[in-house]
Amino acid sequence: LPALFKQELQDTEAEEGGTATLRCELTKSKAPVEWRKGDTTLYPGLKYEMKQQGSAAELIIYDLELDDS
């Protein structure tokens with residue numbers, strides 16, 4: 001069975017230049033998570049950090065810009 005969202009992403013407010021953390025929880029532990037912005041797949045680097053522990057996944061966005069909304 002595919003992994004489903006147990007806890008979906010919540011809206012987050014943050015200041016330009018700051019950091020935002022988006023979290024979700026899945027029904028399966030260690031299910032592969034692909035973070036996307038529209039049609040673009042996001043990859044770890046200076047701007048994005050991805051973490052996953054068990055069924056919880058996080059996307060951390062650094063140096064926020066208006067385009068990140």
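Since every read-out is calculated from the coordinates, none of them should be taken as a lab result. Because the structure is a prediction, the values reported are computed rather than measured. Neighbour counts run over all protein chains shown; Cβ positions are idealised from the backbone, glycine included.
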Check: the chain dipole with +1 on Lys, Arg Cβ and -1 on Asp, Glu Cβ, in debye: 620
Radius 9 Å from Cβ of residue 24, net charge of other residues (Lys, Arg +1; Asp, Glu -1): -1
Local net charge near residue 47, Cβ-Cβ under 11 Å (Lys/Arg +1, Asp/Glu -1): -4
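For a protection proxy built on the mean count of beta-carbon atoms within 10 angstrom, sort 14-27, 38-51 highest first, please.
14-27, 38-51
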